1. For the pairs K68/K248; K284/K404; K251/K375; K248/K404, flag any whose C-alpha to C-alpha distance is greater than 21 Å.
2. May I ask for log10 I(q)/I(0) of region 312-389 at q = 0.11, 0.13, 0.15 Å⁻¹, from a Debye sum over the Cα atoms as equal point scatterers with solvent left out?
3. With charges only on Cβ, +1 for K and R and -1 for D and E, what is the dipole size of the chain about its Cα centre, in debye, rounded to 20?
4. Using the Cα atoms of region 5-238, I'd like the radius of gyration and the largest Cα-Cα distance, Dmax, both in angstrom.
5. What does DSSP give for the chain in terms of the percent of beta bridges that are antiparallel, rounded to the nearest 5?
6. Once Rh for the chain is found with the Kirkwood sum over Cα pairs, what is the Stokes-Einstein diffusion coefficient at 25 °C and 0.890 mPa s, in µm²/s?
7. Are there any GluC sites (Glu not before Pro) in region 189-262 that are in a DSSP loop and have at most 14 other Cβ atoms within 10 Å? List them by number.
8. Just how far, in whole angstrom, is region 1-71 from region 377-411 if you go by their alpha carbon centroids?
Amino acid sequence: MSVVLGCIADDFTGATDLAGLLARSGARVSLRLGVPDQAPGNTETSSFEVIALKCRTAPVQEAVDEAKSALGWLRTAGASRFFWKYCSTFDSTNRGNIGPVSEALMSELGATQTIYCPAFPENGRSIFMGSLFVGEQPLHESPMKDHPLTPMRDSNLMRLLEPQVKGKVGLANRLVVDQGVSALRDRLAELQAEGIAHVVVDAVANADLAIIAEACRDMPLMTGGSAVAMPLPSLYLADGALAADAPKAEKPQLAAGQIVLSGSCSAMTRKQVANFSAEATALKLDPLALAENGTSAAHDWLAQQPVEAAKIIYATAEPPEVAAAQERLGVETAGKLVEDALAELAVQARNAGVRRFVIAGGETSGAVTNALGVKQMTIGPEIAPGVPWTWCRSDGHDIALTLKSGNFGQEDFFTRAYDVLDTQ
Ligand code: ADP
């Protein structure tokens, strides 16, 4: 299938977020973990392809090289428009990587101008006169000012971008955006005539994003948060760039076997685990016991459960219990013991015929997808905002996988996940 939009995201969660928003349109969206080894001709592609990199805080040259290689893959897959997705809080340092990657992609594409719009009004990220706000606070007063890797000490996106790029930086402000699509296009052309390659665009509401997406939809490269990309599928459909009969994401035939694996200790996950444990068979993993006796008791337990039964294996624990384990074992070792155990149990479950996996925890999800050998996910129906089911292949089997990090989802998320799957 020809690719309408090729997207490159600077981290996995951001890629999932973007893929989920694009999929709300009903178009088929594929998420790939890293630049695929296989050439596009040897794999089925979707109308929207999202490649998740892990380059937000990588050295600049590494980020640029990875992004160029992702671009190369997407171009070979037939894409002619591209989207560079970064965090809605513009997470970066003076050295990059947002600007350098944009500039490298522009140069590959021969693009003379791009836009920067990290706004996500529904999540409280807005841009006014070039300054980024988190809720009612300017970025540099928000908790992002103390981020361990990318502390954001300035809210002005032009000032943040300038040291990252060689080209000139400008602004299309809210007053222009408010005047509509052609006013914004005129402003971009005016800035282009002044040699301005990098244009920050204000947006404080979804209506602004709709205007920006419409005005910029045919730029070779757009950059921003996920929200400005959300209107694109319906615009491409109206333009005819996305065929009305383009294949949709189809749920594969899945056997009934199911399991929930949770390594998240976030407050919402703790409630979700308690909620689901009331109706499912449950096994709790204790990192101290894992350190002492290994995983064989958990493997034995799992081997005794019927494949179809509702079941959950979790290390989810209250903060004092987590702290005690971390004190005895070290934070990293405690975390790794749990992640490795859940990853091994996921493989055991798959080998026993489980095909419906719910995974809780960002790091845990990384460990499990890796162990299951999942490299590509087609986005399915949303269970909660930002958390879709995905269809993947693992060891030659079709599986359904949902990755729920931290505080996402409602209290009955796990039950709801299986309900959503059954009603598909
Ligand atoms: P979240 O998305 O909620 O942050 P993650 O999976 O990213 O969840 O992170 C949770 C981390 O805590 C993982 O490294 C996991 O292995 C670790 N962990 C889980 N349970 C325990 C526990 N009982 N004691 C110590 N560490 C734990």
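No value in this document is a laboratory result; all are computed from the given coordinates. Note that the structure is predicted; figures quoted are calculated from it, not measured. When we count neighbours, we look across all protein chains shown, and the Cβ atoms used for this are built from the backbone with ideal geometry, even at glycine.
1. Numbers: K68/K248 28 Å; K284/K404 19 Å; K251/K375 18 Å; K248/K404 23 Å.
From the list (K68/K248; K284/K404; K251/K375; K248/K404), the Cα-Cα distance tops 21 Å for K68/K248; K248/K404.
2. Debye output, listed in q order: -0.35, -0.48, -0.62.
3. Values: 35 positive and 49 negative charges, 95 e Å.
With only Lys, Arg, Asp and Glu charged at Cβ, the dipole is about 460 debye.
4. Cα only, region 5-238: 16.2, 48 Å (Rg, Dmax).
5. On the way: 22 of 67 bridges.
Given both bridge residues lie in the chain, the antiparallel proportion sits at roughly 35 percent.
6. Working: Rh = 22.4 Å.
In µm²/s, the coefficient is 109.
7. The qualifying sites are E194, E250.
8. Going from one Cα centre to the other spans 17 Å.
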